[in-house]
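Remarks on the structure that follows.
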Amino acid sequence: MFGIFGGIVPCERGTCTSRQYCDQSGGESIGYCIEPQMSSRGVCCSFRESCGQTTSDNVALFRNPNYPAINTEPINCAFTMVPRQDVCGVKVEFIEAILSPAVHWACSRDSVTILQYKQTLDGYNVPFCGLIQGMSTVINVRGTSKVQVVVTAQSPNAFWNIRLAQINCTSVHVPVVEACGIANALYPSMDSKENSLSSSTPKPNVTLNSFPTFRTKQQRFSSITRPKGVSTSRIIGGMESPNVFPWVAALMFDYSFRCGGSLITHEWVLTAAHCLLFDQAPTVADIVRFTVLLGIHNWNTVQDIRQVALRLSRIVRHPQFLGTRHDIALLRLIQPVSYSVIIRPICLPPTSDETYAGRYGVIAGWGRTGNNSVSGPTSVLLSATVRILDNVICNQLWNMNARRQIENSQLCAGPGTPATCTGDSGGPLAVQEQQDGFYSVVGITSFGSHTECASKLLPDVSTRVTFYLNWIYLVLTEV
């Protein structure tokens, strides 16, 4: 190897790479070198040790001590960012990461945990692990004294490169979305009980409910959130609505249907965070296993050349998602989608103050159509109208029948038929705004009764979108 002054010197510090890679990776060039596999002279690239460091920089990189080589010893490593006064959020992105995969949805050997402090520890996230490049989260840091990213690695080949970026408050804005919330056909009035959709399926038998279950297809959770083990599905009491709601997206996982979602801009889809829990593969990055389908009615067939199937470039999970709390995520498409008659976004709610209690909304999804094993299966999109409950009433019903608290960040509809069921998770609960007639996504289908769908005792529960508007704006902000 040849040094800066012509002498032969090894890369005692750093790794021999191209200058371009070193600069792009945030490294420091400390000398020249030539490796046998390199066709031209490279540089000895040194990467700053970041374990135990604290920074207030706009952008910082948190890497394993041996980066860009893998770690060889067990380690517990923390990196701290102190937000400036003019900062509203911190974005944490996994640029590169090789960590042991989760076992039964739990990070057992390696994990990345994000801690948020005010005067004391204020919140934490469900740990990340596995091949999580492309995953990220965004933390609302108003009133926060520091954000700490902690990596605990016991496997012998741990490796990570995590980017932290501060989001200035002045750069956060309400996105202007063209042609949002426009349905393709007249739908029964959202404020008339008489015009709600009738059911074409028998009403199920009703039994006492005890625990909630996510509305995700083919998913297993802990005992308090364990869904029914049925893999075929549709909305109960709904009707076919081909391309009526052009914002409804289908999230595919390993080429099988997983969840619903809502297109909210040219490149962002809103869904439920629990849709992103799955058995991780030890050699395949999580993000490449997902595909989003847009403009579809039957996800099993191609019916229109305008239909789109796109991979993801980013998955953003709420930093405090845990169980059924903060059940929200955003998916960034690998490229912006062009709008058409069958692909258009839904509006975000115009204000965070509206509760929508007593209003009628539309649920849509590819979930089960009944509680028995012979219900369905079909792969067509169904929709139905449901009435949104006041949270006080919903909380009373869940507390009385299941001893469970409903939070302000959640929104309820029902009980009874129509209703969502297994497979409808992540899909929208949409309301037609009284001011302009456009549809807004006010809920993200999250969970319901553990024992049956369309329960007469327990309403369905969605993530309340108005509660998370500021967080969504932070996610959509480029830094």
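The values are calculated or read from the model by the stated rules, or taken from the named source; none is laboratory data. For clarity, every value in this text was computed on a predicted model and none was experimentally measured. A quick note on method: Cβ atoms are made from the backbone with ideal geometry, for glycine too, and the neighbour counts reach across all protein chains shown. When the accessible area is computed, the model is the full protein with side chains, heavy atoms only, and any ligands, DNA or RNA have been set aside. Shrake-Rupley method; radii C 1.70, N 1.55, O 1.52, S 1.80 Å.
Residues of segment 58-87 that are surrounded by fewer than 19 Cβ atoms within 10 Å (Cβ to Cβ) and in contact with a Lys or Arg (Cβ under 8 Å, 6 or more places away or on another chain): 59, 82. Of the numbered criteria (1) under 18 Å from residue 406 (Cα atoms); (2) without any contact (Cβ under 8 Å) to a residue 24 or more places away in the chain, the one residue 444 fails is (2).
Considering every residue within segment 382-392, establish whether at least one is without any contact (Cβ under 8 Å) to a residue 12 or more places away in the chain, of a type in the set (A, V, I, L, M, F, W, C) and closer than 19 Å to residue 447 by Cα. Among the residues of segment 382-392, at least one is without any contact (Cβ under 8 Å) to a residue 12 or more places away in the chain, of a type in the set (A, V, I, L, M, F, W, C) and closer than 19 Å to residue 447 by Cα, which makes the answer yes.
Within segment 294-353, being farther than 30 Å from residue 408 by Cβ and of a type in the set (Gly, Ala, Ser) holds for 295, 309, 313, 338, 340. Can you confirm whether residue 437 is under 23 Å from residue 354 (Cβ atoms) and either in a strand (DSSP E or B) or touching a Lys or Arg at 6+ places or on another chain (Cβ under 9 Å) (or both)? Considered against the rule, which asks whether it is under 23 Å from residue 354 (Cβ atoms) and either in a strand (DSSP E or B) or touching a Lys or Arg at 6+ places or on another chain (Cβ under 9 Å) (or both), residue 437 comes out as no. Picking from residues in segment 154-178 that are hydrophobic (A, V, I, L, M, F, W, C) and open to solvent by 50 Å² or more (accessible area, probe 1.4 Å), the one that is nearest to residue 55 (Cα to Cα) is 174. When you scan segment 234-246, do you find a residue that is more than 16 Å from the chain's Cα centre (by Cα), not β-branched (Val, Ile, Thr) and not in a loop (DSSP other than H, G, I, E, B), even just one? Looking for residues that are more than 16 Å from the chain's Cα centre (by Cα), not β-branched (Val, Ile, Thr) and not in a loop (DSSP other than H, G, I, E, B), one finds at least one in segment 234-246, hence yes. Of all the numbered requirements in (1) among the aliphatic types (A, V, I, L, M); (2) buried (at least 20 other Cβ atoms within 10 Å of the Cβ); (3) assigned to a loop (DSSP other than H, G, I, E, B), residue 316 misses one, and that requirement is (3). Taken across segment 383-401, residues that are at pLDDT below 95, closer than 23 Å to residue 451 by Cα and among the hydroxyl-bearing types (Ser, Thr, Tyr) do occur, with at least one present. Scanning segment 440-479 for residues that are part of a strand (DSSP E or B), more than 21 Å from residue 315 (Cα to Cα) and open to solvent by 10 Å² or more (accessible area, probe 1.4 Å) turns up just one, 460.
Filtering segment 154-174 to residues that are more than 23 Å from residue 110 (Cα to Cα) and either of a type outside the set (Ser, Thr, Tyr) or part of a strand (DSSP E or B) (or both) leaves 165, 166, 167, 168, 169, 172, 173, 174.
The residue pairs whose first member lies in segment 304-325 and is β-branched (Val, Ile, Thr), whose second member is part of a loop (DSSP other than H, G, I, E, B), and whose beta carbons are closer than 6 Å, counting only pairs six or more residues apart or on different chains, are 308/295; 308/337. Look at residue 125 and say whether it is open to solvent by less than 40 Å² (accessible area, probe 1.4 Å) and in the same structural domain as residue 162 (by the TED database). So residue 125 fits the description; yes. Residues that are under 14 Å from residue 245 (Cβ atoms) and of a type in the set (S, T, N, Q) were ranked within segment 431-444; the one that is nearest to the chain's Cα centre (by Cα) is 440. The conditions of being farther than 29 Å from residue 126 by Cα, out of contact with any strand residue (DSSP E or B) (no Cβ under 6 Å at 6 or more places or on another chain) and open to solvent by 20 Å² or more (accessible area, probe 1.4 Å) are not met by residue 308. Tell me yes or no: at least one residue of segment 342-352 is farther than 28 Å from residue 268 by Cα, modelled with pLDDT under 95 and open to solvent by less than 60 Å² (accessible area, probe 1.4 Å). No - not one qualifying residue is present in segment 342-352. Remark: residue 222 matches the filter, which requires a residue to be over 16 Å from residue 369 (Cα atoms), small (Gly, Ala, Ser), out of contact with any Ser or Thr (no Cβ under 6 Å at 6 or more places or on another chain) and at pLDDT below 80. Residues of segment 134-153 that are more than 23 Å from residue 76 (Cα to Cα) and either open to solvent by less than 10 Å² (accessible area, probe 1.4 Å) or in a loop (DSSP other than H, G, I, E, B) (or both): 141, 142, 143, 144.
Report whether or not residue 377 is open to solvent by 20 Å² or more (accessible area, probe 1.4 Å), over 11 Å from residue 461 (Cα atoms), part of a loop (DSSP other than H, G, I, E, B) and at pLDDT below 90. Yes: the conditions hold for residue 377. Number of residues in segment 322-331 that are on the phi < 0 side of the Ramachandran plot and surrounded by 21 or more Cβ atoms within 10 Å (Cβ to Cβ) equals 6.
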